[in-house]
Each structure stands twice: as structure tokens, then as C-alpha cells.
Amino acid sequence: MRKQYSLTALLVGSLTLAGCAGFEAASDGDSVNEPLENTYWKLLTVGEREVVAIDEAREAHLVLHAEESRLAGSTGCNRMMGEYERDGDRLTFGRVATTVMACPGAAMALERELLDALGEVAGWQVDGETLTLVDDEGESRAHFEAVHLY
């Protein structure tokens, strides 16, 4: 019985130390890159334009679903869906469709700029919790921030 208790105490102690070590490694300033796929990416900028929240509008975002290479998200006005192709650091978007709700002028302008930017994307870069979509010349087309939903 004493042997079993010692083994249990050793196991609990090891797990506690491993958990603390994992927490320390994540909080010591080392940045861990979020995965491109299966991450909720909140839109921050399109081209030079900073995205500003619009009352009663959806948050502009996208999620790249790896399993079927499907795009889902919102333009800040309408829902969007489509397909993408990823090959290493290359990324292109195929057909992107949206719902067709009317929104305030600023939301419609953001939607057009975002859809145009997605059409020009040729690559991607993730730095920590920031995603940058770039065109063929490596120029930034849009910036996103990872949002953890739970």
C-alpha cells in the first residue's frame, strides 16, 4: 500500500512540475505562432485601412478549415464562404461567395476591400498571433489577429 501511495505521489508531483514548466515556457517571452488553419482570424487592416467596429455589424473575420480547404467567415457585413489552396507559404483563394444583405456604407466599403484583397493574395505569414496575407510582390493586403474562442 505504501508503494502504491509513493507511486501516486510521484506521478502527481511530476504532472504538477510538467504543467508549471509548460506555463513558464509559454510566459517567458517566446512567441508561439498560431496555426494558419482552423484558427479564428479577426480582421485588423485591409491594405492601409484600419478596420473600425461598426455598430450592429458583424466582426470581420475568417477561418480556414483545413479538412476541406474551405473558407468561412464574415466581411463585417455579409457571411462569406469559399475555397482556398495552400502549398507551403503560398496561399490563394478560389471562388469566394457572400450573402447579399445591405449594410451601412462603411460596412459595404470594407466588404469590397476585403474581397478584392482576398483575390490578390498569393502568400501568408504568421508571427505569433498575427496573420498577414500578402500579394505576389510580398506587399501586405490584410492583417488579422488570432482570437481564442474558448
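The values are calculated or read from the model by the stated rules, or taken from the named source; none is laboratory data. All values derive from a computational prediction rather than experimental measurement. Cβ atoms come from the backbone with ideal geometry, glycine included; neighbour counts cover every protein chain shown.
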Any residue in region 71-97 that is touching a residue at least 24 places away in the same chain (Cβ under 8 Å) sitting within a Cβ distance under 7 Å of a residue that is among the hydroxyl-bearing types (Ser, Thr, Tyr) and part of a strand (DSSP E or B)? List the pairs, counting only those 6 or more apart or interchain.
71/84; 75/98; 78/98; 80/74; 80/98; 91/84; 92/84; 93/84
How many residues does region 134-150 contain that are buried (at least 17 other Cβ atoms within 10 Å of the Cβ) and more than 11 Å from the chain's Cα centre (by Cα)?
3
I'm told residue 11 meets every condition in (1) at pLDDT 95 or above; (2) in a helix (DSSP H, G or I) except one. Can you identify the failing condition by its number?
(1)
Within region 112-138, the residues that are part of a strand (DSSP E or B) and among the acidic types (Asp, Glu) are 127
Failed condition for residue 68, given (1) surrounded by fewer than 18 Cβ atoms within 10 Å (Cβ to Cβ); (2) acidic (Asp, Glu); (3) out of contact with any helix residue (DSSP H, G or I) (no Cβ under 7 Å at 6 or more places or on another chain); (4) farther than 18 Å from residue 35 by Cβ
(4)
Give 77, 103 a once-over and let me know the one that is over 23 Å from residue 34 (Cα atoms) and touching a helix residue (DSSP H, G or I) at 6+ places or on another chain (Cβ under 6 Å).
77
Residue among 63, 46 that alone is touching a helix residue (DSSP H, G or I) at 6+ places or on another chain (Cβ under 7 Å), assigned by TED's automatic domain parsing to the domain that holds residue 126 and modelled with pLDDT of 95 or more
46
From 60, 117, 107, grab the single residue that is surrounded by 19 or more Cβ atoms within 10 Å (Cβ to Cβ) and touching a Lys or Arg at 6+ places or on another chain (Cβ under 6 Å).
117
Of the residues in region 60-90, those that are part of a strand (DSSP E or B), closer than 14 Å to residue 121 by Cα and of a type in the set (D, E, K, R) come to 83, 85, 86, 87, 90
For region 91-104, give me the residue count where each residue is surrounded by 18 or more Cβ atoms within 10 Å (Cβ to Cβ) and either in a loop (DSSP other than H, G, I, E, B) or of a type outside the set (A, V, I, L, M, F, W, C) (or both).
1
